[in-house]
Amino acid sequence: MANQFSYRIRTLTVKRNELTPGILAEEYERRRALLMQQLPERSMVVSLAGQVKYLSGEIFYKFRQASDFWYLTGFEEPESAIILEKTSDSKGYRMTMFSQGKDAAKEKWEGARADLNHLGSIFGADDARPIEQFPSHLKSISSAYSNIYLDIPSTSSKRGKPKFLQKYLTHMSGRSSGSESILDSLADSKRQCLAPEIAKLRIIKSEAEQRVMRAAADISARAHTKTMRFTHPGLSESALAAHFEYICGLSGAQRMAYVPVVASGPNALVIHYTSNNHLVRDGELVLMDAGCEYNGYASDITRTYPVNGVYSPPQRDLYAAVLSAQKACMALCTQSNGLSLNDIHRQSCELLRQELNQIGFSLSSGEVEHILYPHYLSHPIGIDLHESTYFDRSNRLVEGMVVTIEPGIYVPPSSSYPHHFHNIGIRIEDEVLVGKNHPTILSVNAPKEIVDVEAACQGSLGLEPY
Ligand SMILES: [Mn+2]
């Protein structure tokens with residue numbers, strides 16, 4: 001039974017030796033050491049903090065740290081950077097950290113900042129300097145290195161001008177001439193992309209990361225359950241989204257991991273429907289794809305439930321078909337199976353075809369994925385919702401990866417398909433931690449079996465909507 005105190009369990013607390021909630025300072029240290037170990041001799045790494053983004057004029061969005069920078073440092077301030085230099089000592093590298101430092105006048109407006117003198121003891125920096133020194137320091141040491149790994153947003157720009165970095169340096173040095181000469185010193189032939197190197201580490205989640213991801217998924221699962229209970233005919237899709245966000249925020253989540261999809265009735269046929277501006281009606285389904293970010297990690301869950309609390313016979317048949325395929329695909333997510341996401345995706349197409357043909361469709365091989373199931377089954381998830389950019393879907397799954405499994409069926413009003421299924425869209429999505437021999441479903445607490453979803457909608461699970 002929920003009570004007012006249950007929410008307090010998940011407030012943001014940092015325990016002894018943790019740098020960010022759930023992650024020890026030594027884990028951040030280990031990440032940097034492993035990164036530098038996998039790079040060749042005479043390598044240095046430059047990683048930049050995120051920049052404040054603006055909605056309009058001076059109206060800023062809530063700040064979120066750049067994912068790779070956060071993975072390496074746990075440092076939450078904008079206007080910061082690190083340089084890692086590979087060394088031959090036992091630590092294996094040297095970290096110089098740059099940040100704004102203390103400024104009483106600015107802190108009065110913007111909040112407390114880390115003291116440069118504390119960056120060593122707290123964040124493990126070997127040297128800490130004001131951010132204004134970053135461009136000149138980078139220039140002064142870069143000639144000693146043969147490989148300079150930089151955050152460059154797109155791989156295609158590797159040999160072009162790294163505009164992002166140029167903008168960043170210009171912004172920090174206060175004049176463009178300075179930044180131009182720094183870029184010239186970082187010769188094209190030396191520049192390497194940093195993100196793919198960090199992606200190799202991020203794809204495998206440590207036990208601490210697994211625990212934070214489980215907590216994030218639990219918050220989202222609970223919000224799904226309570227939003228099912230909250231839903232009734234006549235509410236707007238945006239009210240359901242607001243309710244979901246409210247429950248997540250109350251439970252300690254810092255933000256949504258993405259814009260929630262709350263698609264009622266035929267809106268579910270739009271895969272990334274986010275306008276959320278229709279009223280939900282008696283007899284329709286709601287497809288809700290929503291997840292929070294909690295202590296640095298995303299969650300991603302989709303459920304499709306009846307507005308009035310009971311699936312109609314065609315809704316039930318189609319839901320059961322997708323559910324059966326989804327569960328079969330999740331069971332394949334083990335290292336010992338030796339399958340890739342591409343393999344499991346292909347299986348999902350065939351499983352869905354067989355399921356649909358049992359309930360009155362007549363589909364030949366290959367027909368499902370063109371119209372009824374136009375998206376991919378899965379993506380890796382972690383600090384970012386989609387950790388896919390440098391992930392090869394043809395690689396075998398390995399213990400410690402976390403992937404989504406999210407088959408869906410979206411039936412257009414076409415005479416090719418049984419009439420009673422027209423305009424029904426169903427997607428069911430869970431997060432799966434790949435194990436050696438067994439998968440672990442991180443989002444297990446979001447109701448999914450038909451009886452459980454109906455019970456959650458009707459309130460018979462004993463959960464209050466708030
Ligand atoms: Mn997803």
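Can you give the net charge of the other residues whose Cβ lies under 12 Å from the Cβ of P266, counting K and R as +1 and D and E as -1?
Neighbour charge sum, excluding P266 itself: 0.
Once R0 is set to 30 Å, what does the formula 1/(1 + (r/R0)^6) return for the Cβ-Cβ distance between V310 and H386, expressed as a FRET efficiency to the nearest 0.05?
0.30
At 222 nm, what helix-only mean residue ellipticity would the chain give, in deg cm²/dmol to the nearest 500, using -39500 (n - 2.57) for each DSSP H run of four or more?
-10500 deg cm²/dmol, from helical runs alone.
Show the residues, 5+ positions off or on another chain, whose built amide H is closer than 5 Å to the amide H of Y93.
T87
Given a cut-off of under 8 Å on Cα pairs at least six residues apart, what relative contact order in percent is computed for the stretch 302-368?
Taking the mean separation of contacting Cα pairs over the length of the stretch 302-368, I get 30 percent.
Express in whole angstrom the spacing between the alpha-carbon centres of the stretch 46-110 and the stretch 394-441.
Centre-to-centre (Cα) distance: 37 Å.
Please list, in order along the stretch 411-416, the HN-Hα scalar couplings obtained from phi with the Karplus expression 6.51 cos²θ - 1.76 cosθ + 1.60 (θ = phi - 60°), rounded to whole Hz, x for Gly and Pro.
9, x, x, 10, 5, 6
Quick one: R113, R281, fewest Cβ neighbours within 10 Å first, how do they rank?
R281, R113
Using only Cα atoms and rounding to the nearest 10 degrees, what angle (0 to 90) does helix 25-38 make with the longest principal axis of the chain?
The answer is roughly 80 degrees.
Would you work out the relative contact order for the stretch 348-401, in percent, from Cα pairs under 8 angstrom that are 6 or more residues apart?
23 percent
Work out how much length R396 to H422 would gain on full extension: take 0.36 nm times their residue separation and subtract the Cα-Cα distance, in nm to one decimal.
Here the segment from R396 to H422 would lengthen by 5.7 nm.
Output the peptides 402-412, 338-348 sorted from most to least packed, where packing is the average of other Cβ atoms within 10 Å over each peptide's residues.
402-412, 338-348
Dividing the alpha-carbon radius of gyration of the chain by 2.2 N^0.38 Å (N being the number of residues), what value is obtained?
1.07
In percent, what relative contact order does the chain have, based on Cα pairs under 8 Å that are 6 or more apart in sequence?
14 percent
So which of K327/K436; K200/K448; K205/K436; K53/K205 end up more than 25 Å apart, counting from Cα to Cα?
Distance filter (> 25 Å) returns K200/K448; K53/K205.
Which cross-chain or sequence-distant (5 or more) residues have an amide H under 5 Å from the amide H of L19, H modelled 1.01 Å from N in plane?
L24, A25
For L461 and D282, calculate 0.36 nm times their separation in residues minus their Cα-Cα distance, and state this gained length in nm to one decimal.
Gain on extension, L461 to D282, equals 62.3 nm.
Mind checking the stretch 383-436 for trypsin sites (Lys or Arg not before Pro) that DSSP puts in a loop (not H, G, I, E or B) and that have at most 10 other Cβ atoms within 10 Å?
K436
Residue by residue through the stretch 287-300, which ³J(HN,Hα) values in whole Hz follow from phi under the Karplus form 6.51 cos²θ - 1.76 cosθ + 1.60 (θ = phi - 60°), with glycine and proline marked x?
9, 10, 10, 8, x, 9, 9, 9, 6, x, 10, 7, 10, 7
FYI, it's all coordinate maths here, none of it is from the lab. The shown structure was predicted, so the numbers you read here are calculated from the model rather than taken from an experiment. All Cβ positions, even for glycine, are placed from backbone atoms using ideal geometry, and neighbour counts span all protein chains on display.
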